[in-house]
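As structure tokens, the structure follows; a few thoughts come after it.
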2 protein chains.
Amino acid sequence: MELEVPKGMNQAGSEDPTDRSDVDPTKTPTIYDVARLAGVSHQTVSRFLRGYQGIRPETRERVLKALHEVDYRPNLAARSLTTGRSHRIGALTHEIDQVGPSKIAQGASIAAREAGYLLDIVTLDMSNRDAINQALELIMQHDLAGVLALSSTDEMTQAFEAADFRVPAYIAAEEDDARGGHPSEITSVGLPALLSHLAGLGHLRLLHIAGPTAWSAARNRVRAYERAVAKHGLGSHGVLYGDWSAKSGYDAIMSLKGPLPVTAVVAANDQMALGAMLALTERGYRIPEDVSVTGIDDIPEAAYFAPPLTTLRVDFATQGRNAVEQLLAQIEHLVLPPRPALPSRLVARKSTGPVGRNLSDLSGQ
Amino acid sequence: MELEVPKGMNQAGSEDPTDRSDVDPTKTPTIYDVARLAGVSHQTVSRFLRGYQGIRPETRERVLKALHEVDYRPNLAARSLTTGRSHRIGALTHEIDQVGPSKIAQGASIAAREAGYLLDIVTLDMSNRDAINQALELIMQHDLAGVLALSSTDEMTQAFEAADFRVPAYIAAEEDDARGGHPSEITSVGLPALLSHLAGLGHLRLLHIAGPTAWSAARNRVRAYERAVAKHGLGSHGVLYGDWSAKSGYDAIMSLKGPLPVTAVVAANDQMALGAMLALTERGYRIPEDVSVTGIDDIPEAAYFAPPLTTLRVDFATQGRNAVEQLLAQIEHLVLPPRPALPSRLVARKSTGPVGRNLSDLSGQ
DNA sequence: GAATTTTCTGTTACCGGAAACAAACATCGC
DNA sequence: GCGATGTTTGTTTCCGGTAACAGAAAATTC
């Protein structure tokens, strides 16, 4: 008399339902391997993995045991093939020699990780159209849940508008005053506070060293600077343009002919402020006795410049986090609670001081 | 009389072989869509895409046309499901507030891109074991071609040894003196050159501000420093340990009691050198008249410190590139040509100078 | 206690490619 | 003129999951 073949897939002839005979140890195990081992169907394993509740405790335990035994790890390629969704986000960021962009990327990376996503980071020159298109081409092949630009330049904006991503895309503009968005803390609160700090020290004539005009952050800062100058009734010698680097800050100051026409220099980031300070020093001005200098960002080194830099603290990590959350909201069709504005705090250090008597006459000229 | 149905898959009744009738425009097209449009089999399309030569020019052209018409983009999830290989590399990097790590990541990212890979970058605290394990857990799910650690700490090394990646893994130690590898340029050539520069300026008693001991780069630099001190017959006041940050360089100098026992400070990176310079200045020492200070890395800002910093230029981008190439060699079973050593060049600026007479007596004490 | 519903589990089909195999056709040699 | 060979293209199967459906077992109803 024959025993009835037990139900299920286990018909290979072994009487032990937890059959491990043909599990190839060199291959990474699949749910089929786990199913065979647990004596259930692969679908039950799949259900277990996705947290389905209607599984009998007894079955559940067998699956769990089998999962551990073979040290199962899901194959996300297969999963995203069927579900049509990946858990990767493509992130474009500017070449990271600046602290800001890399901090933003870091915050974004962490936020993505918390949501179960991984960030595919591509660094490129944000103002080089060819580089952007090339990067987009690459990124679009690697099936992604969404695409993120971690900073905003004109070229990037245009490329995003022209591209056909087929997935959600988002540009993390630090500030989007021009596009009708609510202006960021930096330009609405931070820069006015900075200028008011300078006005309070008696400075009447200022100079702004801005970032490249293609960057929306740079443009917004210029506008905010000019607004604040007007509001306090100050005079501005105008705006010089750098490229965010210390060298460009240095060059900006060196390009000024004749005696310094201002008592304070407002740089759009800390690096340019650093360069400006060196140039001023070399030209014989003492900081802050003769000229005050301010930056924006408060990079970790700013407190250790000589002299320590008065600057605006910017929360880059949160900026990156917000960007990811915005994108995820699109991906997962969530409605996002209004995010609190990013505080940007004035950090007064020794690079600003009261206008010295010896130069104060300049401020009125 | 009936026309014969043309061969191929195109039996849906339309007489036009380039049938586009049931291509759903909302779905991203697949090779099957392209095949139908071109009137060939999907396999022919697949062959075309992978560069197979044995396709008749006529067929080839039809496929190409169809590809363009639907703007086909390969689904890499499907591809890596069948080939069992992905084109992504998981990269672990230290929280990127330092320039070094982020430059390395950038170089790695570019090199990966050139080879058709994308870098999944995960930032973490390289000396936090829990963070490392958590990150590894995450990236092991996202099927990767390989795993890369972009800098080397003890914790990272241990975690890598314990982990079961099932894919190639590589730790990019800047230098691996301790593990028998060929020592890097920095420790074998760069630091000796730096010390010899100081010796040439008359410095006889030095202090080293090192990075955290868990970092192999920090340890190697300490060893190289001590070797070079011995070689030149110099005296060392010893080694103080920082954490790569400007603050830790500042604190290190401030922790010294009494008058400064050395005439030159050798910091293991530029940030700590910056902090050290500020502390020295606050304690009343002039740089370089009273004390010389050197860094390592040559970050872009170093040339604009006050005073500009004498340092060793390190090629981070190439370091990252090398790491990726090493990993790819493992992934694709290539034998790598021996890579040329990374040049590390001494960049002498104004933070070093001849020993001043007023303090030179200290050097012999 | 049979019929019905609910709960749990198994079967089949599919995602979009690539590999293995097979067939159709052209070319060649003797 | 017919098999041998080579070139080009098509068919089937598989990768490792998930979705949709179906079937069996248990619980409930009347």
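The values are calculated or read from the model by the stated rules, or taken from the named source; none is laboratory data. It should be emphasised that the depicted structure is a prediction, and the values quoted were computed from it without experimental measurement. Here the Cβ positions follow ideal geometry from the backbone for every residue, glycine too, while neighbour counts run over all protein chains shown. Accessible surface areas use protein heavy atoms only, side chains included; no ligands, DNA or RNA. Shrake-Rupley method; radii C 1.70, N 1.55, O 1.52, S 1.80 Å.
Using heavy atoms of the protein chains and a probe of 1.4 Å, the accessible area assigned to B:His203 is about 0 Å². Between B:Asp164 and A:Phe165, take the C-beta separation as r, use R0 = 41 Å, and let me know the FRET efficiency to the nearest 0.05. Calculated transfer efficiency: 0.70.
Placing B:Thr213, A:Thr123 in order of accessible area, with the largest value first and a 1.4 Å probe, yields B:Thr213, A:Thr123. For region A:58-168, just say rounded, prolate or oblate: build the C-alpha gyration tensor, square-root its eigenvalues into a ≥ b ≥ c, call rounded for a/c under 1.5, and beyond that prolate if a/b exceeds b/c, oblate if not. Since a/c reaches 1.5 and a/b is larger than b/c, the shape of region A:58-168 is classed as prolate.
Rounded to the nearest 10 square angstrom, B:Asp315 shows an accessible area of 60 square angstrom against a 1.4 Å probe.
Solvent-accessible area lost on pairing B with A (1.4 Å probe, both sides summed) amounts to about 5100 Å². With 22 Å as the limit, the listed pairs A:Lys27/B:Lys27; B:Lys103/B:Lys231; A:Lys103/B:Lys103; B:Lys27/B:Lys65 have A:Lys27/B:Lys27; B:Lys103/B:Lys231 beyond it between alpha carbons. Using a probe of 1.4 Å, the accessible surface attributed to B:Lys247 totals some 110 Å² when neighbouring protein chains are kept in position. Overall, the accessible surface of region B:195-279 at a probe of 1.4 angstrom is composed of carbon and sulfur to the extent of 58 percent. The residues of region A:65-85 listed by number as losing at least 30 Å² of accessible area in the complex, against the isolated chain and with a 1.4 Å probe, are A:Arg73, A:Pro74, A:Leu76, A:Ala77, A:Leu81. Each copy carries a label point for B:Phe165 at 7 Å from Cα along the beta-carbon vector; from one copy to the others these points are 3.0 nm apart, nearest first. Residues A:Tyr72, A:Tyr52 ordered from highest to lowest accessible area at a 1.4 Å probe: A:Tyr52, A:Tyr72.
When both region A:82-134 and region A:253-277 are represented by their alpha-carbon centers, they are found 33 Å apart.
Indicate the residues belonging to region A:242-278 that lose 50 Å² or more of solvent-accessible heavy-atom surface (probe 1.4 Å) upon moving from the chain alone to the assembly of all protein chains, ignoring ligands and nucleic acids. With the partner chains in place, region A:242-278 has these residues losing at least 50 Å²: A:Leu274, A:Leu278.
For A:Ser351, the amide hydrogen comes within under 5 Å of the amide hydrogens of A:Thr310, counting only partners 5 or more places away or on other chains and with H modelled in the peptide plane.
Here the calculated FRET efficiency for A:Glu114 and A:Arg73, from their Cβ-Cβ distance with R0 = 22 Å, stands at 0.65, rounded to the nearest 0.05. All other residues whose Cβ lies under 12 angstrom from that of A:Gly235 are scored, Lys and Arg at +1 and Asp and Glu at -1, for a net of 0. Could you pull out which residues in region B:58-86 have an amide N less than 17 Å from a spot 7 Å beyond the Cα of B:His333, following the Cα-Cβ vector? So the set is B:83-86. Under a 5 Å amide H cut-off, with hydrogens placed 1.01 Å from N, A:Val314 pairs with A:Asp297, A:Asp298 among residues at least 5 apart or on other chains. Against the criterion of solvent-accessible heavy-atom surface with a 1.4 angstrom probe, A:Thr263, A:Thr318 sort, most first, into A:Thr318, A:Thr263. Per residue, the accessible area of region A:129-288 comes to 36 Å², computed with a 1.4 Å probe over protein heavy atoms only.
3J(HN,Hα) along region B:131-145: 4, 4, 5, 4, 5, 5, 4, 5, 6, 6, 6, 7, 3, 10, 7 Hz, from the Karplus curve 6.51 cos²θ - 1.76 cosθ + 1.60 with θ = phi - 60°, whole Hz, x for Gly and Pro. Database remark: amide H of A:Ile121 closer than 5 angstrom to the amide H of A:Ala91, B:Leu119, B:Ile121 (H placed geometrically; neighbours at sequence offset of 5 or more, or on other chains; Pro and chain starts carry no H).
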